[in-house]
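Read the structure below first, then the notes.
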Amino acid sequence: MEGYDCDFIIPPEPRYECPICLLVLREPHQTKCGHRFCKDCIITSLRDSSNRCPIDNESLSESDVYPDNFAKREILNFSIRCPNFKSGCDKIIPLGKLQNHLEECYFALVPCPLKCSREVPRCDLDSHLNNSCENRNVTCEHCSKNMEAKDFEVHVEVCPMAIVVCSHCEERAVRNKMEHHIYNECQQVMVHCPFYFLGCSKVMMRCMVDDHLIMSAPSHLKQLCFAVTFLAQKLGTANSVCQTSAKNTHQKVSLVQRFNAESAVTLPVSYKSSHSLEEVSTNEMSFNFEAALAELSALSLENEEAKGAEHSYKLSSITKQLPLGCLPNGHHGIKQPVYRPHDWLNYCTAEEQETSGLPLLSQILSTKPTVCKLYQSKLSPQISAAVNHSPEFANLLLGDQGLGEYIPENSDVKSMFQEITSRFKKREAASEQKFDELHRRLTAVEQTNSGLINTVRDLEQHVVEASGRFVNGDFCWCIHNFSHYRLKLEAGENSMLHSPPFYTSPWGYKMCIRASIDSASQNERHLSLFVHFMKGKNDAFLMWPFSGRINISVVDQNPDASRRNHIMEVLETNPNLDAFQRPTIPRNHKGFGYVQFVSISALENGSYLMDDVLVIRTQVYSQYQ
Amino acid sequence: MSNIAEQRIKREFKEVVKSDEVALCNIKVELVNDSLTELRGEIAGPPDTAYEGGKFKLQIKIPETYPFNPPEVKFVTKIWHPNISSVTGAICLDILKDQWAAAMTLRTVLLSLQALLAAAEPDDPQDAVVAHQYKENFDIFERTARHWTTAYAGGPKRDTELEEKIVSMKNMGFDEHMARVALSTKDWDITRAAEYLIS
């Protein structure tokens, strides 16, 4: 961390200033040569820059730097203005007490303790926590639920205890009671006539239903009469069908037996249903219906083994056909968004019923409310359970063709299925074997391949080495696809590009050129060129450090030779530089050349790039060879 | 830009602006953009030298690691000097390379460059041609350097003889700057300069 950048009441003398960060010394440290720096500044300088004093270039290591507590004490006693001066704090404190002060400064920014990602001045913290923090806890006044403020807005829209106004009659009610109100109580809501399923299509407000029932009693009676007559006829037909099928097909009876327990309907229930019907129907109807029921019960006694299922079969064949015949407009579902008034259907809409799995049953049940209420409660759950886990039974129960058409082929299917399974397993095993073999072969091929790649790489290197050996120090490096490299270099992907190695003479020095793009400035990029010496075969008997002259040029490829203007720089070697020492690694880290040899724009504007090829020529004149 | 580099440049900027040298119009630093990574410097040619009266513009780039690494400085104004490339303006000065120290500032760098103009070091050259001329033919070097100062840095002293040579090269169809470079390189011998340009 660099020095103190505080608002000092009296500007400190320059001797308290760190020469590196130019701020007032933080943790002052003194070097053995007597210079003072911030602790972090001098450590960074020694580690990242050089092992020398930044002032007099004396050689220096981290162990030659000592804390200067005298200066530290003096500096910590300097008076400063609180950094929150602009926010309103007018305290003047010694620098050493700054931290303590900031911990209690009324105007210091502190992070919200509820972690709402905001920082607020300490003096505003209370009001933030009570009024504006999105993470503060709030309690819903309706349902007393606790939640974070940011969730409250959504909650208000859905709170079950909030008071809402009925959209029909403007009555106020708690939200979770509103549904009940609309389906059952609201007098302004539009509903169907209770005789809707018998053919009355009248739609009215709920408050008008009673009047309508009185006014339309004769027509309702007619519809009821028609429906009951139809039901009685159907019962008769069903009876005869059942008798024949029960006698002739033992197979089917045994299938039915499987569901006996689940769907059994006992006689008393049947009687009960007739009894309740009596209450609401005319005597004549009751007579017809009772006759049908008598038949039904006789049948049940006859087929003792299959009584429940048979019974339900008949019932379902009736339930299937009755509504179709009964409804004047002949459709199954109830599409109009109108509420039905029957008590047991009050809570479910037409759409819900259609998806509930038993559309037909529920339809008939709703048609004959009183009778079928009992079936609904006792029989329907069992039937639906049976239907759900056996499609065969459902077919028997509800199928158009009745029992005569049904013959299951279980054993054939089973054997076919087993055969398919075994065939599939065999095939799977064969392909697994094949896959293993292919995998082994692939591994072998990959091994051979990598061996070949290595050989080719060695040979390529050998060729490069050999061709660089006989250039006699005059080496032209053609960078093909320069724009491609340029993009890569500029993106920093491959920060430098090295030429193939070359020798100053067959028995001379080995070196290469390094090119990179200098992007220190955002406005202009430059081509950097350096010469690097490399470990060569002749190093042992050559003179070191290398001494001589090196010309580096970017070759102008203008087709008109008279207008060529090569960019050339002449390097005189400097025996003190690392770049010219005998390489101890394959390529010297240190090179010698120009960070900004030529700007890229100059390259592009001149005729230096032809067909995207840049030619760099190096002529090396060694003093010894 | 790292925090420490940015802080440093801001404070140094104040330092240069306050300093006496600015008051005497000897050195100057300006921002190029808001980023503080690139600055524009200017130094006056030192009195009693071939560069006297010239104003030399410099490009200064501040690296991310400043002040632990030196700023990159080069001459934008063309100059004839053994330690400065006449082609690219690159400077050969130890404190901009391995002798840099973190305590140095833009002010000290600019003053050092001024000192370099006053005292060239031909034994550690950046431009071998100029260095050669400096050592072998100092009079011609000085005349050339003064001519360049007048031509590129607004120096006051015109050398009509040299200018006439450039004009005659221009009449031969050469570009003015190319002609000046060739003549300077070839010690103002028109025949050799023309050969140099044609070869």
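The values are calculated or read from the model by the stated rules, or taken from the named source; none is laboratory data. These numbers were taken from a predicted model, which means no experiment stands behind them. Reconstructed Cβ throughout: ideal geometry from the backbone, glycine too, with neighbour counts over all protein chains shown.
Table: residues versus (1) buried (at least 21 other Cβ atoms within 10 Å of the Cβ); (2) more than 8 Å from chain A (Cβ to nearest Cβ); (3) modelled with pLDDT of 95 or more; (4) in contact with a Gly (Cβ under 8 Å, 6 or more places away or on another chain).
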site	(1), (2), (3), (4)
B:60	yes, yes, no, yes
B:65	no, no, no, no
B:82	yes, yes, no, no
B:85	yes, no, no, no
B:103	no, no, no, no
B:112	no, yes, no, no
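A Cβ distance below 9 Å, combined with a sequence gap of six or more or placement on separate chains, defines the contacts here; from region A:160-172, residues that are on the phi > 0 side of the Ramachandran plot reach residues that are not basic (Lys, Arg) in the pairs A:170/A:188.
Within this structure, residue B:152 fails the test of being more than 20 Å from residue A:566 (Cβ to Cβ), within 14 Å of chain A (Cβ to nearest Cβ), outside any loop (DSSP other than H, G, I, E, B) and at pLDDT 90 or above. The residues of region A:1-35 that are part of a loop (DSSP other than H, G, I, E, B), surrounded by 17 or more Cβ atoms within 10 Å (Cβ to Cβ) and free of Cβ contacts under 8 Å to residues at least 60 places away in the same chain, listed by number, are A:2, A:3, A:18, A:19, A:20, A:21, A:22, A:23, A:25, A:26, A:27, A:35. Kindly evaluate residue B:90 against the criterion of being without any contact (Cβ under 8 Å) to a residue 12 or more places away in the chain, facing chain A (nearest Cβ under 8 Å), crowded, with 17+ Cβ neighbours inside 10 Å and within 24 Å of residue A:596 (Cα to Cα). Judged against the criteria, residue B:90 is not a match. Looking only at helices (runs of 4 or more DSSP H) that lie completely in region A:145-222, which have at least 2 residues being more than 45 Å from the chain's Cα centre (by Cα)? Hits in region A:145-222: A:209-215. Among all residues of region A:130-141, there is none that is of a type in the set (Asp, Glu) and part of a helix (DSSP H, G or I). Of the residues examined, residue A:592 is one that is crowded, with 19+ Cβ neighbours inside 10 Å, within 14 Å of another protein chain (Cβ to nearest Cβ) and within 60 Å of the chain's Cα centre (by Cα). Remark: residue A:133 falls outside the filter, which requires a residue to be crowded, with 16+ Cβ neighbours inside 10 Å and over 37 Å from the mean Cα position of the chain (by Cα). Looking only at residues in region A:527-570 that are more than 11 Å from every other protein chain (Cβ to nearest Cβ) and in a helix (DSSP H, G or I), the one that is farthest from residue A:583 (Cα to Cα) is A:541. Is it the case that residue B:143 is modelled with pLDDT of 90 or more, under 19 Å from the mean Cα position of the chain (by Cα) and either within 14 Å of chain A (Cβ to nearest Cβ) or not in a loop (DSSP other than H, G, I, E, B) (or both)? For residue B:143, the condition - modelled with pLDDT of 90 or more, under 19 Å from the mean Cα position of the chain (by Cα) and either within 14 Å of chain A (Cβ to nearest Cβ) or not in a loop (DSSP other than H, G, I, E, B) (or both) - is met. Which of (1) more than 20 Å from residue B:105 (Cβ to Cβ); (2) within 13 Å of the chain's Cα centre (by Cα) does residue B:73 not meet, given it meets every other one? Condition not satisfied by residue B:73: (1). Flag: residue B:15 matches the condition of being touching a helix residue (DSSP H, G or I) at 6+ places or on another chain (Cβ under 7 Å), in a helix (DSSP H, G or I) and either modelled with pLDDT under 85 or not β-branched (Val, Ile, Thr) (or both).
Please tell me if residue B:27 is within 11 Å of chain A (Cβ to nearest Cβ) and out of contact with any Lys or Arg (no Cβ under 6 Å at 6 or more places or on another chain). In short, no.
Per-residue answers, yes or no, for (1) farther than 23 Å from residue B:87 by Cα; (2) among the aliphatic types (A, V, I, L, M):
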site	(1), (2)
A:548	no, no
A:552	no, yes
A:556	no, no
A:570	no, yes
A:578	yes, no
A:587	yes, no
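Filtering region A:597-606 for residues that are at pLDDT 85 or above, in contact with a Ser or Thr (Cβ under 7 Å, 6 or more places away or on another chain) and surrounded by 13 or more Cβ atoms within 10 Å (Cβ to Cβ) leaves a non-empty set.
Does residue B:119 satisfy the condition of being under 14 Å from residue B:185 (Cα atoms) and free of Cβ contacts under 8 Å to residues at least 12 places away in the same chain? Considered against the rule, which asks whether it is under 14 Å from residue B:185 (Cα atoms) and free of Cβ contacts under 8 Å to residues at least 12 places away in the same chain, residue B:119 comes out as no. With respect to residue A:13, is the statement that it is acidic (Asp, Glu) and away from chain B (no Cβ under 14 Å) true? For residue A:13, the condition - acidic (Asp, Glu) and away from chain B (no Cβ under 14 Å) - is met. Of the residues that sit in region A:429-479 and are part of a helix (DSSP H, G or I) and under 24 Å from residue A:548 (Cβ atoms), which one is nearest to the chain's Cα centre (by Cα)? Applying the filter and picking the extreme gives A:464.
Within region B:155-175, the set of residues being touching a helix residue (DSSP H, G or I) at 6+ places or on another chain (Cβ under 8 Å) and either more than 14 Å from chain A (Cβ to nearest Cβ) or closer than 25 Å to residue A:595 by Cβ (or both) comprises B:155, B:156, B:157, B:158, B:159, B:162, B:163, B:165, B:166, B:168, B:169, B:170.
Any idea which of (1) free of Cβ contacts under 8 Å to residues at least 40 places away in the same chain; (2) surrounded by 16 or more Cβ atoms within 10 Å (Cβ to Cβ) is the one residue A:537 doesn't satisfy? It fails just one condition, (2).
Annotation: of all residues in region A:505-519 being surrounded by 18 or more Cβ atoms within 10 Å (Cβ to Cβ) and small (Gly, Ala, Ser), the one that is nearest to residue B:63 (Cα to Cα) is A:516. In region B:34-50, the condition of being within 11 Å of chain A (Cβ to nearest Cβ), out of contact with any helix residue (DSSP H, G or I) (no Cβ under 8 Å at 6 or more places or on another chain), surrounded by fewer than 21 Cβ atoms within 10 Å (Cβ to Cβ) and within 16 Å of residue B:105 (Cβ to Cβ) is met by no residue.
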